[in-house]
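A short worksheet on the structure shown next.
All of the numbers you see were taken from the coordinates with simple rules; none came from a lab. Worth saying up front: this structure is predicted, and the values here are computed from it rather than measured. Because the Cβ atoms are built from the backbone with ideal geometry, glycine has one as well, and the counts that use them run over all protein chains shown.
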Amino acid sequence: MRFALHQLVLETTRRCNIRCKHCMRGESQNINLTKETVTQVLNYLEYN
């Protein structure tokens with residue numbers, strides 16, 4: 001299935017510790033998006 005992608009947002013980290021009351025993401029986590037993963041996603045989108 002093909003679809004038109006008009007916008008892409010990548011959350012590069014889950015380390016935010018501001019603790020905004022309105023945030024729906026929950027507690028901060030020790031998780032980062034790696035450069036390799038970003039490259040894989042962009043390559044996939046470019047060639048598919």
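Give the cysteines in the chain for which no other Cys Cβ lies under 4.7 Å away, or write none if there are none. Flagged as lacking a Cys partner: 16.
Here is the list for the chain: chymotrypsin sites (Phe, Trp or Tyr not before Pro) lying in DSSP coil, each with at most 11 other C-beta atoms within 10 angstrom of its C-beta, are 3. Each Lys and Arg contributes +1 and each Asp and Glu -1, all at the Cβ; summed about the Cα centre of the chain, the dipole is approximately 260 debye. The angle separating the long axis of helix 35-47 from the principal Cα axis of greatest extent in the chain is about 40 degrees. Of the GluC sites (Glu not before Pro) found in the chain, those in coil by DSSP whose Cβ has at most 11 other Cβ atoms within 10 Å are 11, 27.
State the answer as a single residue: which of 5, 44, 24 lies farthest towards the positive end of the charge dipole of the chain, with beta carbon charges of +1 for Lys and Arg and -1 for Asp and Glu, about the Cα centre. Projecting each Cα onto the dipole axis, the largest value belongs to 24. Taking amide H as placed 1.01 Å from N in the peptide plane, residue 16 has its amide H under 5 Å from the amide H of 29, each at least 5 places away in sequence or on another chain. Shape verdict for the chain, please, from the Cα gyration tensor: rounded (a/c under 1.5), prolate (a/b greater than b/c) or oblate. Because a/c hits 1.5 or more and a/b fails to exceed b/c, the chain counts as oblate.
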